[in-house]
Amino acid sequence: MPESQRVVRSHALREGLTLHDVLEPEIDDAEATGTKVVATLGPACHEVPILVELLKAGAVGGRVDLTWGPLPYHLESLRNLQAASKEARKLCAVIVDTLGRELMIRRPVNIDESGWPVHEPGFEVTAGQQVTITTRLDAECCANPCVLPITYEGFTDMVRAGDNMYVGRYLVSGGDCLYLEVQEVRGPDVICMAKNATLLDGLLTVFHTERSANMGEQLNVQNALPLLSDYDKDALRLIGREFEIDFISLSYTRTDEDVREARQFLQSIGQHHTKVLAKLESRQSLINFQSILSEADGIIISRGNLGLDVVSEKMCMVQKMLIQDCNVVGKPCLITRVVDTMISAPRPTRAEATDVANAVLDGVDVILLGAETLRGKHPVNTVRTIRRICLAAEKVFDHRNHYEYLAQIDQQVEDEAVKQLATQYGVSPHVWGSYLAMGSQMDLTSVGGKGSYSSDGPVNANPAYSMPELNAIAHGQPHGPPHGMSLHGRSHLSSMSGAIPGTPPLGPPGLPSRLSATTAHKSGTQAMMAANPSVASELGVFRVQGNVGGGSSGNLSDMVGGHMLGQMDGSSSRTPWLSKLECITSSAVLAADKVGASLMLVFTHSGGTAALIAKYRPPIPIIALVVPNLVSNGLSWQLEGRTHARQMLLTRGCVPMLTAPATHNDEVLENALKVCTRLGMVKPHDKVVVVQRSHHDFGVKIVSIDELGLGIKKILRTPSMLNCENVPQDGPQTPAPTPAPEVPQDRPQTPVSEVPHPSPTPSQTDLPAAMLVA
């Protein structure tokens, strides 16, 4: 489908908003924000008391960056973060950022009393002067305004005359950067001319900007540095022995193969639960963004380097499109470099505050702070300021528009996929639409028609399948490859059709039936995109991996109004295909909006269900209730659940809560609601939408908080109600039946977590009744 026909979000602000509403002073520092804040650990926030303040101010994660700082210092930072998390009673995610393919300038370094590396005083470079970047090893001790020794020996093979270079301090952009133009490559030296005057200080990094002006192509020669350096691998092994690494930030991700390589290494060192965040820092990562997003667990938009490889006038739109596509598939999106001014100033500039608010309105999940907390003068105030900006933007975010947008995307993808499948199997799109609507019960031979079809009608007289063959396929009978096509050349979705043992295929290959789609917990839209990657490519929509809950990219169109239902050839209306779980979660979000709920609560284990709810951006908090489980690795038992809870911290709107198991899960729900009431998240008579799993079935229920805020309101049948029911009518009098005993009528069903957990053991009962992270 042409890019011009792609559905885009029309607006971000909710309807009916006035300037008076915006100016109303309604920001509450105690109120939880949906958008999260992650701090980079360094000298400014190394000690436990500062880290406690950061967590209380709203930070949900701590990042250690292997690019700068010795490993013992980072290990001590993580120990302090662990102690601060216990003291503040807040969960905190651990993120490790790799060195990767970073190019740096070699300069002498001293270690201060705290163990942090400090460079010698910086030097000034004037505009128009000659600067040489050299690979000579003997130049290490003579870094000066004229000579910059670089760490990569093959640097001269990457550049040529006319290329643009960027040299700047680590985690700094803007006026303190040096822009160079390559004049000549002479042996180990790259002769450049300075385009501006600046002061170079601290750790200096080099970025080679793309020479092609066409955003869709790449002409630069990439460096041959490995994805994970030896230092990265050694550091991850050592950190993994002492801490659970929740996320790894994969610097300079270029392709989806990079993500697979990192995941394979993490598994080799025992970090099976660690999720991979792909860091986009170059033009190549944008070109391969579809496959990267499909493979990674989340995306980091590294706006410092990426902003150098993208022309200035395009960066805003690039950011919006990246965030939009992450929202569609329900994967967290993080952005960097937001309030550089607050490294030294206590208040952001107008442009920086607007930038943060716009990112929240775009749908970003996390604001990742770098130098602001690593070496800034106001780390706690920075976190608090970012949090307040996010909260103000969330209050005007158009949640209904976001919901409807997802519905349009799903419908658009499915329409295009059905047209392509219709062409492939030689049937008109209208036939496929009818097949979908009737659940594969129709006789395809009854509709007649010959030849293959395009969106404009038949295009040839030799269909891939004859009508009797298509009818047999539609009813699950064995079949061979189509005429003139080998089995190897056709797209089969064995994971969708007949995937359940003992269940025969219920539809043509490439098109899942209703039963197989629901039992496999995977949407038809996702399957169609897997079979027809060109559809997803043209629409910019990507499949969702099982590590995010197995959901699709769509929504229930008929739940947002009949006008949203798609049309097949103008005659057959359909509801987009969704997995069973996403049907439940999207319905729960709509139900919460309709009843005016104050809270959503979901029983989850891996976080997939909570992530699907968060994808639809409800305007209320999502409590992700995690009951830890004892699992065995064959040699020992360990408690599992904290890692998943911490990983949910990076999903917008999710508030993970750890709770001890109870004899009846009604008690778990009651205790969770008591904690929420105590924290001010709900009050008496508020409604709460609960998503839970009973045995193998998911369900949604709506409960109310009782008058005292101590649990769930019980509705009893009073004697007067019973008497009214037994009032005799005209006619022969009959004895009134014995009134039934008073029993609760809307007693909540017993909630069961997604993964059954064993009976309480001494190690589990030591857990606190509930731990909540704001």
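The values are calculated or read from the model by the stated rules, or taken from the named source; none is laboratory data. From a predicted model like this one, the values you see are computed outputs, not experimental measurements. Please note: Cβ atoms are built from the backbone with ideal geometry, for glycine as well, and neighbour counts cover all protein chains shown. Surface areas here come from the heavy atoms of the whole protein model, side chains and all, with no ligands, DNA or RNA. Shrake-Rupley method; radii C 1.70, N 1.55, O 1.52, S 1.80 Å.
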When THR423 is run through (1) in contact with a strand residue (DSSP E or B) (Cβ under 6 Å, 6 or more places away or on another chain); (2) among the polar types (S, T, N, Q); (3) in contact (Cβ under 8 Å) with a residue 40 or more places away in the chain; (4) more than 20 Å from ILE301 (Cα to Cα), the failure sits at (3)
Kindly establish whether ILE292 is more than 23 Å from VAL60 (Cα to Cα), hydrophobic (A, V, I, L, M, F, W, C), out of contact with any Leu (no Cβ under 7 Å at 6 or more places or on another chain) and open to solvent by less than 30 Å² (accessible area, probe 1.4 Å).
yes
Looking at ARG652, ARG646, ARG642, which one is closer than 25 Å to VAL328 by Cα, touching a residue at least 24 places away in the same chain (Cβ under 8 Å), open to solvent by 20 Å² or more (accessible area, probe 1.4 Å) and basic (Lys, Arg)?
ARG646
Considering only the stretch 199-213, state which residues are among the hydroxyl-bearing types (Ser, Thr, Tyr) and surrounded by 16 or more Cβ atoms within 10 Å (Cβ to Cβ).
THR205, THR209
What about ASN80, is it open to solvent by 20 Å² or more (accessible area, probe 1.4 Å) and out of contact with any strand residue (DSSP E or B) (no Cβ under 6 Å at 6 or more places or on another chain)?
yes
Filter the stretch 602-639 down to the residues that are free of Cβ contacts under 8 Å to residues at least 12 places away in the same chain and among the small types (Gly, Ala, Ser) and list them by number.
SER632, GLY634, SER636
Quick check on my filter: what residues within the stretch 235-279 are assigned to a helix (DSSP H, G or I), touching a strand residue (DSSP E or B) at 6+ places or on another chain (Cβ under 7 Å) and closer than 20 Å to LEU71 by Cβ?
LEU236, ILE239, ALA262, LEU266
Among (1) within 20 Å of THR40 (Cβ to Cβ); (2) without any contact (Cβ under 8 Å) to a residue 12 or more places away in the chain; (3) not aromatic (Phe, Trp, Tyr) - the single one ILE335 does not satisfy
(2)
For the stretch 34-51, does any single residue satisfy the condition of being touching a residue at least 60 places away in the same chain (Cβ under 8 Å), within 27 Å of the chain's Cα centre (by Cα) and open to solvent by 20 Å² or more (accessible area, probe 1.4 Å)?
no
What number goes with the only condition from (1) assigned to a strand (DSSP E or B); (2) more than 23 Å from GLU404 (Cβ to Cβ) that GLU667 does not pass?
(1)
Quick one: would you say ASN629 is under 15 Å from VAL602 (Cα atoms) and either out of contact with any Lys or Arg (no Cβ under 8 Å at 6 or more places or on another chain) or open to solvent by 10 Å² or more (accessible area, probe 1.4 Å) (or both)?
no
Please verify whether SER251 is touching a residue at least 24 places away in the same chain (Cβ under 8 Å) and in contact with an Asp or Glu (Cβ under 8 Å, 6 or more places away or on another chain), treating the condition exactly as stated.
yes
Where VAL689 falls short, out of the listed (1) open to solvent by 20 Å² or more (accessible area, probe 1.4 Å); (2) under 24 Å from ASP365 (Cβ atoms); (3) assigned to a strand (DSSP E or B):
(1)
If we ask which residues in the stretch 143-168 are of a type in the set (S, T, N, Q) and out of contact with any Lys or Arg (no Cβ under 8 Å at 6 or more places or on another chain), their number turns out to be 2
Which of the helices (runs of 4 or more DSSP H) found entirely inside the stretch 299-366 contain at least 2 residues meeting this: closer than 19 Å to HIS402 by Cα and either at pLDDT below 90 or open to solvent by less than 30 Å² (accessible area, probe 1.4 Å) (or both)?
312-329, 350-362
Looking at the stretch 611-626, can you tell me whether even one residue there is surrounded by fewer than 24 Cβ atoms within 10 Å (Cβ to Cβ), part of a strand (DSSP E or B) and at pLDDT 90 or above?
no
State whether the residues of the stretch 180-192 include one that is closer than 30 Å to SER344 by Cα, open to solvent by less than 10 Å² (accessible area, probe 1.4 Å), of a type outside the set (Gly, Ala, Ser) and over 31 Å from the mean Cα position of the chain (by Cα).
yes
For the list (1) free of Cβ contacts under 8 Å to residues at least 12 places away in the same chain; (2) within 25 Å of THR609 (Cβ to Cβ), I need the number of the one condition that ILE323 fails.
(1)
Here the residues within the stretch 148-170 that are open to solvent by less than 60 Å² (accessible area, probe 1.4 Å), part of a loop (DSSP other than H, G, I, E, B) and not hydroxyl-bearing (Ser, Thr, Tyr) are GLY154, MET158, VAL159, GLY162, ASP163
Residues in the stretch 672-682 that are under 21 Å from ALA592 (Cα atoms), out of contact with any Leu (no Cβ under 7 Å at 6 or more places or on another chain) and outside any loop (DSSP other than H, G, I, E, B): how many?
2
GLU261: passes all of (1) open to solvent by 60 Å² or more (accessible area, probe 1.4 Å); (2) modelled with pLDDT under 95; (3) touching a Leu at 6+ places or on another chain (Cβ under 7 Å) but (2)
Identify the residue in the stretch 586-606 that is open to solvent by 10 Å² or more (accessible area, probe 1.4 Å) and of a type outside the set (A, V, I, L, M) and, among all such residues, is farthest from VAL655 (Cα to Cα).
LYS594
Unmet requirement for LEU635, which otherwise passes all of (1) closer than 24 Å to HIS273 by Cβ; (2) part of a loop (DSSP other than H, G, I, E, B); (3) in contact with an Asp or Glu (Cβ under 9 Å, 6 or more places away or on another chain)
(3)
Could you pull out the residue among VAL221, VAL259 that is touching a residue at least 24 places away in the same chain (Cβ under 8 Å) and more than 18 Å from the chain's Cα centre (by Cα)?
VAL221
